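Visitor: Before I ask anything, here is the structure I am working with.
The values are calculated or read from the model by the stated rules, or taken from the named source; none is laboratory data. Keep in mind that what you see is a predicted model, and the values were worked out from it rather than measured. Counting neighbours? That spans all protein chains shown, and the Cβs are built from the backbone with ideal geometry, glycine included. SASA here: full protein model, heavy atoms, side chains in, ligands and nucleic acids out. Shrake-Rupley method; radii C 1.70, N 1.55, O 1.52, S 1.80 Å.
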Amino acid sequence: MEPSRVTDVIRRDHVWFRTQFAALDRARGDDAAVTLLWSELSARLEVHAAAEESLFYPRLLKDDADSVDDTKDAIKDHNEIRDAIHEAAGHRVGDDAWWSAVAAAERSNNEHMDEEERGPLVEFDAASPPSEQAELAAAFQSFEIEHDGAWGVSTADRNPEEYVADHS
């Protein structure tokens with residue numbers, strides 16, 4: 001059954017991210033497995049962030065003043081995740097520097113998910129009607145399918161202030 005709320009789609013992705021980071025840690029020492037897991041995980045982190053920035057946060061900004069700070073924080077978090085992914089790409093898979101970059105991505109992602117799950121997702125559940133939730137859920141899932149593997153997704157950092165100005 002497809003989720004009928006965009007917040008459920010986002011939460012489902014969060015569960016997947018936590019599971020994949022755990023699988024990555026369990027695969028430590030098997031560079032082939034780690035490479036495959038990281039390739040899929042890092043691409044999906046990029047796509048998820050892009051989907052949130054294209055669909056979820058612009059809509060959240062329409063709700064209230066609190067959403068401005070939440071959105072700026074989310075963009076900052078996405079930048080930290082992107083930066084860690086870029087850092088990992090500069091190292092050989094499985095070496096200490098690579099694992100350090102992956103750990104930074106996981107820390108930033110966990111912080112982002114925890115904040116999002118306590119704030120913006122709860123607020124959006126309370127503020128948006130079921131029809132809008134369903135419409136955004138379908139759009140979010142379509143975005144993720146269309147950009148699978150991070151195809152066509154910018155991995156460049158965004159300025160949180162400019163993002164809010166552009167989407168308010």
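Visitor: If you add up the charges near ALA127, with Lys and Arg at +1 and Asp and Glu at -1, over every other residue whose beta carbon is less than 11 angstrom from its beta carbon, what do you get?
Guide: Numbers: positive: ARG59, LYS62; negative: ASP63, ASP64, ASP66, GLU123, ASP125, GLU132.
Taking every Cβ under 11 Å from that of ALA127, the sum is -4.
Visitor: Can you work out ³J(HN,Hα) from phi for every residue in the stretch 153-168, in order, using Karplus 6.51 cos²θ - 1.76 cosθ + 1.60 and θ = phi - 60°, giving whole Hz and x for Gly and Pro?
Guide: Rounded to whole hertz, the list is 9, 6, 9, 7, 5, 10, 7, x, 5, 5, 4, 4, 4, 6, 10, 8.
Visitor: State the label only: which of [x] 1.07; [y] 0.95; [z] 0.98 corresponds to Rg/Rh (Cα atoms, Kirkwood Rh) computed from the shown model?
Guide: [z]
Visitor: Let me ask something else. Run the accessible area of the chain with a 1.4 Å probe and give the carbon-and-sulfur part as a rounded percent.
Guide: Here carbon and sulfur together make up 52 percent of the probe-accessible area.
Visitor: Under a 1.4 angstrom probe, counting protein chains only, how are LYS76, LYS62 ranked by accessible area, largest first?
Guide: LYS62, LYS76
Visitor: May I ask you to derive the FRET efficiency for THR35 and ASP157 from their Cβ-Cβ distance with R0 = 30 Å, giving the value to the nearest 0.05?
Guide: 0.75
Visitor: So, in nm, how far is label ASN110 from label HIS86 when the simple model puts each one 7 Å beyond its Cα toward the Cβ?
Guide: Calculated label separation equals 2.4 nm.
Visitor: With θ set to phi - 60°, apply the Karplus curve 6.51 cos²θ - 1.76 cosθ + 1.60 along the stretch 106-113 and write out the HN-Hα couplings as whole Hz, x wherever there is a Gly or Pro.
Guide: Running phi through 6.51 cos²θ - 1.76 cosθ + 1.60 with θ = phi - 60° gives 5, 4, 5, 5, 4, 4, 4, 5 Hz.
Visitor: Still on this structure, please answer the following. If you place +1 on the Cβ of every Lys and Arg, -1 on the Cβ of every Asp and Glu, and leave all else neutral, what size is the dipole of the chain about its Cα centre, to the nearest 20 Debye?
Guide: Roughly 460 debye, rounded to the nearest 20.
Visitor: What ranking, highest mean first, results for peptides 82-90, 148-156, 32-40, 45-53 when packing means the other Cβ atoms within 10 Å averaged over each residue?
Guide: Values: 82-90: 17.4, 148-156: 13.2, 32-40: 15.4, 45-53: 23.4.
My ranking of the peptides, most packed first, is 45-53, 82-90, 32-40, 148-156.
Visitor: Please give the per residue accessible area of the chain, computed with a probe of 1.4 Å over protein heavy atoms only, in Å².
Guide: 49
Visitor: Right, another one. Using only Cα atoms, locate the centre of the stretch 63-90 and the centre of the stretch 113-138, then give the distance between them in Å, rounded to an integer.
Guide: 18
Visitor: Given only helices, namely DSSP H runs of n ≥ 4 each adding -39500 (n - 2.57), what is the per-residue ellipticity at 222 nm of the chain, to the nearest 500 deg cm²/dmol?
Guide: Details: 8 runs with 126 residues, N = 168.
Here the helix-only value at 222 nm equals -25000 deg cm²/dmol.
Visitor: Using Cα-only point scatterers and the Debye equation, what is log10 of I(q)/I(0) for the stretch 9-68 at each q in 0.16, 0.23 Å⁻¹, rounded to two decimals?
Guide: -0.60, -0.90
Visitor: Tell me, what ³J(HN,Hα) does each residue in the stretch 92-105 have, in order and in whole Hz, if you take phi through Karplus 6.51 cos²θ - 1.76 cosθ + 1.60 with θ = phi - 60° and put x for Gly and Pro?
Guide: Per-residue couplings from phi come out as 6, 3, x, 7, 4, 5, 5, 4, 4, 5, 5, 4, 5, 4 Hz.
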